[in-house]
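Enquirer: What follows is a structure written as structure tokens; I'll ask about it next.
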Amino acid sequence: MKLYYKSGACSLAPHIVAREADLPVDLVSVDLAKKTLEDGGDFFAVNPNGYVPALDIGEGPVLTEASVVVQYLADRKPETGLMPAPGTTERYRVQQWLAFVATELHKGFSPLFKPNTPDATKDIQKEFLAKRFAFVDKALEGRTYLTGETFTAADAYAFTVLNWAGVMKLDMAAFPNIARFMAAVKARPAVQQALREEGLAA
């Protein structure tokens, strides 16, 4: 398999899941500004939408959308617990978190990264995100990860997106459980490996 990624972008989530599952995934860096590959190739030829992650699974078009790519990778190694078994309540809990991260957090951050977003709009988005952070912080009370003590694909995605708070210099002092969660995830060896491979390790 081949994972098209941009350092620190949402593609970090499937990168982490691949390393957690010990799956052989080749990394291909993408210049999202120019929409080009490492060899100068056209990224639009890989993913017509022009964004990461894009996972070449060896059949048909690339698989896209971070919340789906992490599930696909996790399901390659069900014994890891990265995605609970199909049909179980536990699986739906993880999928619920994946959907929340995608729609409430990931998309909430998007306007902050765009240089042409008006400052007033950015302020509104920051207020919106603070409410979502409060929800996540409360959910993490008394547990290490989003659904308990087992690290899942949802934690990889949440870690990736919540990490952007630091990039955006958002004040996270009111969310101690998120800080604890971030530290716990970052300390995982597979996460450290993924961060190193993307040039993000401290």
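Each value in this text was obtained by applying a stated rule to the coordinates, not by laboratory testing. Model, not experiment: these values are computed from the prediction. Cβ sites come from the backbone with ideal geometry, for glycine too, and all protein chains shown count toward neighbours.
Enquirer: Distance cut-off 23 Å, Cα to Cα: go down the list K2/K114; K2/K34; K107/K138; K35/K131; K34/K169; K6/K169 and report the pairs above it.
Expert: K2/K114; K35/K131; K34/K169
Enquirer: Given the C-alpha centroids of the stretch 1-18 and the stretch 177-202, what is the distance between them in whole angstrom?
Expert: 14 Å
Enquirer: Between D123 and A183, what is the spin-label point distance in nm, taking each point 7 Å from the Cα along the Cα→C-beta axis?
Expert: 3.4 nm
Enquirer: Rounded to the nearest 500, what is the 222 nm mean residue ellipticity of the chain from helices alone, with -39500 (n - 2.57) per DSSP H run of 4+ residues and division by all residues? List each step's numbers first, then the result.
Expert: Numbers: 9 runs with 94 residues, N = 202.
When only DSSP H runs of four or more count, the value is -14000 deg cm²/dmol.
Enquirer: Give the Kirkwood hydrodynamic radius (Å, one decimal) of the stretch 96-202, defined as one over the mean of 1/r across all pairs of different Cα atoms.
Expert: With all distinct Cα pairs of the stretch 96-202 included, I get 14.4 Å.
Enquirer: Report the trypsin sites (Lys or Arg not before Pro) located in the stretch 9-75 that are in a DSSP loop and have at most 10 other Cβ atoms inside 10 Å of their Cβ, or state none.
Expert: In loop regions of the stretch 9-75 (DSSP not H, G, I, E or B), the sparsely surrounded trypsin sites (Lys or Arg not before Pro) are K34.
Enquirer: For Cα pairs less than 8 Å apart in space and 6+ apart in sequence, what is the mean separation divided by the residue count of the chain, i.e. the relative contact order in percent?
Expert: 24 percent
Enquirer: Still on this structure, please answer the following. What ranking, highest mean first, results for peptides 93-106, 185-198, 128-141 when packing means the other Cβ atoms within 10 Å averaged over each residue?
Expert: Per-residue Cβ counts within 10 Å, averaged per peptide and sorted highest first, yield 93-106, 185-198, 128-141.
Enquirer: Moving on to the next point. Antiparallel as a % of all DSSP beta bridges within the chain, to the nearest 5?
Expert: For the chain, the DSSP antiparallel bridge percentage is about 70.
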